[in-house]
DNA sequence: CTACCTGCAAACGGTTTGCATTGCC
DNA sequence: GGCAATGCAAACCGTTTGCAGGTAG
């Protein structure tokens, strides 16, 4: 649970404008949080995020910030069925996750044909007007755990 | 939160054998729980289940029973993103749910092409051996909430 | 008779909230 | 200077656990 060195350079300014554009103030804590999210290649738990951020933001405020980020669309909440929430940086693409139920390894994959499936679902039920969101995760065993 | 009258008749015997076949003892509480699940057309929360069952099983044991049912494959855990678990009777089909984010109405739909998508995902990652499970739920607005 | 099942009550852990203070803009 | 963001501590709430007594097979 080491505290990351202060990220710096070009990235910092970029992250600052991400925050400002989303209507937030640019504070050390939120900047660090956003940097942490952005640099990760998988969804992170609040616990991990808080520990990486160290003293720049306490856990309660990590929750508050992440919730705000998600509402503003700059982060996404992901449910990996671990009993606690995970968040990831909201890059534009519609990707999903495959999770190893034994070691918790996570990888992305693309190609959930969401539009078409949503269409199908809407036709079937007749009681829904539109689909705004969806969850789709796969659970299985990674190569090393499968042997 | 009224307590349902005792279900009876043909169904009861059938449920008893479902329990026994799954390796459980057939007790009033579990029988009532299973009946409740079976008769519902949507996933139910533990809170609702416990209240419908009344004094035949307290909440802690509803949790224990549902967990056992899920492991035995006679019930399924469903995540509707309501902050608490839901369970449904495990009929054979692979169906999913569309949930109204405003009023929590839930309906089933079929046609998530799981096999094909799992295949795609496995090809993409190369680090996973197999997919054993998946989640797929749609969130949107029902006709009455959309207006 | 002996596991399995149950009720009750307490513990648990992730998340939320209240409130006084701080520090962006 | 005003309002968003923060730290700290306490509340919250769904869920799990321990244990002594009950009951199905």
Note the angle between two axes, namely the Cα long axis of helix A:114-125 and the longest principal axis of the Cα atoms of chain A, as a number of degrees from 0 to 90, rounded to the nearest 10.
50 degrees
For the protein assembly as shown, just say rounded, prolate or oblate: build the C-alpha gyration tensor, square-root its eigenvalues into a ≥ b ≥ c, call rounded for a/c under 1.5, and beyond that prolate if a/b exceeds b/c, oblate if not.
prolate
Label-to-label distance, nm, for residues given as residue B:103 and residue A:104 (7 Å Cα→Cβ offset)
4.0 nm
Would you calculate, for chain A, the mean residue ellipticity at 222 nm contributed by helices, counting each DSSP H stretch of 4 or more residues as -39,500 (n - 2.57) and dividing by all residues, to the nearest 500?
-12500 deg cm²/dmol
Highest GNM mean-square fluctuation among B:37, B:117, B:66, for chain B with Cα springs under 10 Å, belongs to B:117
Nitroxide proxy distance, nm - points 7 Å out along Cα→Cβ at residue A:17 and residue B:60
5.8 nm
Just checking the output field for A:104-117: average partner chain Cβ neighbours within 10 Å of each residue's Cβ?
4
Hey, what did chain B get for relative contact order, percent, Cα under 8 Å, at least 6 apart?
18 percent
So how far apart, in nm, are the two label points at residue A:119 and residue B:133 if each is 7 Å from Cα heading toward Cβ?
3.2 nm
Determine the gain in length on full extension of the stretch residue B:27-residue B:68; use 0.36 nm per residue of separation and subtract their C-alpha separation, reporting nm with one decimal.
13.4 nm
Find every distance from the label point of residue B:143 to the corresponding label point in the other copies (7 Å from Cα along Cα→Cβ) and write them in nm, one decimal, shortest first.
5.1
Shape call, segment A:66-123: gyration tensor on alpha carbons, a/c limit 1.5
oblate
Just to confirm the numbers: residue A:126, label point 7 angstrom along the Cα-Cβ line, distances to the other copies in nm, shortest first?
4.9
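Rounded, prolate or oblate for chain B? Axes are the square roots of the Cα gyration tensor eigenvalues, ordered a ≥ b ≥ c, and the cut-off for rounded is a/c under 1.5.
oblate
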Can you give me the Cα centroid spacing of segment A:38-92 and segment A:94-147 in angstrom?
20 Å
If you put a point 7 Å past Cα along the Cβ direction, how far is that point for residue A:22 from the same point in each other copy, in nm, smallest first?
4.2
Looking at the axis that maps chain B onto chain A, which chain B residue has the closest Cβ, and how far off is it in Å, rounded to a whole number?
B:136, 2
Taking the DSSP beta bridges in chain A as the whole, what percent of them are antiparallel, to the nearest 5?
75 percent
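Every number here is computed from the coordinates shown, using simple stated rules; none is lab data. These numbers were taken from a predicted model, which means no experiment stands behind them. Note that each Cβ is placed from the backbone with ideal geometry, even for glycine, and that neighbours are counted across all protein chains shown.
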